[in-house]
Amino acid sequence: MPTNPLELWTWKYCKEAVKSLPGRLGFPARDRLDLIGFELDLNNGSIRDTLIGEPVDMAQRTGRKASNTIFYVLSAYSESQEKKPTGILISSKQFRGVQFTGRDTLGERYRLIKSFKEPAKLETAAKVLGGSKVDFPYGDVAVSLNILPFIPFTIVLTVDDGEFPADARLFYDETVENYLDSEQTYFLTNLTVSRLIRSEGEP
């Protein structure tokens, strides 16, 4: 068994866990899994980028990173027990053990601020990935999408109005830790932000 994540989190080593997901944990009973604009074929482990209608290119670093992340989080998700979202939101700073992982979402928040200077564009990008605009007590726009069937992810964006700087806040349903640990959630968040940016036509 390899110890390098680039070799470990692949179809070869994760297929049994991933193939157990259809009909469970919110996934429909069929021979593919859909998540954040990717389509995973459970017959052969190939991944298609539905945003561009092409297979994920494993020869490129971004393709390998996306593939590793998908197999990493799906393997963990497959081992959990169903627990429906409660609607109570938490930030990554509230995750158990986060102080030991060294992971935070500052980089992802900055990327969102830089890429979505217009609130309407974030709303459009979220819709492409199956999300929608939601009401929130503050911010110029808030969107929510399921990054996995039972893991809602909420982004609250505030644009620069000359008085206060732009900001982006990221929230998860409190049940997220039932499915993924803080590191797994971080990698899935990173990939989701990349997908939102990609859905707006940026590389």
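Lys84 sits among other residues whose Cβ lies under 12 Å from its own Cβ, and their net charge, with Lys and Arg +1 and Asp and Glu -1, is -2. Projected label points at Glu200 and Arg30, each 7 Å from Cα along the beta carbon direction, are separated by 3.0 nanometres.
The Cα atoms of the chain give a gyration tensor whose axes a ≥ b ≥ c have a/c of 1.5 or more with a/b greater than b/c, which makes the shape prolate. The overall shape of the range 89-199, judged from the alpha-carbon gyration tensor, is prolate: a/c is not under 1.5, and a/b is greater than b/c. Working from Cα pairs under 8 Å separated by at least six residues, relative contact order for the chain is 22 percent. Against the chain, whose longest principal axis comes from its Cα atoms, helix 119-128 is set at around 20 degrees. Think of it as helices only: each DSSP H run of n ≥ 4 in the chain is worth -39500 (n - 2.57), and spread over all residues that comes to -10500 deg cm²/dmol at 222 nm. Note on Glu118 and Asp104: the extension gain reaches 2.6 nm, defined as 0.36 nm multiplied by sequence separation minus the Cα-Cα distance.
For the pair Asp167 and Ser91, label points projected 7 Å from Cα toward Cβ lie 0.8 nm apart. Sequence-distant contacts, meaning Cα pairs under 8 Å at least 6 residues apart, place the relative contact order of the range 5-78 at 33 percent. Lys127 sits among other residues whose Cβ lies under 13 Å from its own Cβ, and their net charge, with Lys and Arg +1 and Asp and Glu -1, is +1. Taking each of Lys93/Lys114; Lys19/Lys93; Lys12/Lys65; Lys84/Lys117; Lys12/Lys84; Lys65/Lys127 in turn, the alpha-carbon distance tops 26 angstrom for Lys19/Lys93; Lys84/Lys117; Lys12/Lys84. Note down the relative contact order for the range 89-199 as a percent, whole number, built from C-alpha pairs under 8 angstrom at least six residues apart. Relative contact order, the range 89-199: 32 percent. Computed over the chain with a Gaussian network model linking Cα atoms closer than 10 Å, the most mobile of Gln184, Gln81, Gln60 is Gln60.
Laboratory data are not the source of any read-out in this text; all were calculated from the coordinates shown. Just so it is clear, the model here is predicted, and its values are computed rather than measured. Using ideal geometry, Cβ is built from the backbone for each residue, glycine included, and neighbour counts are taken over all protein chains shown.
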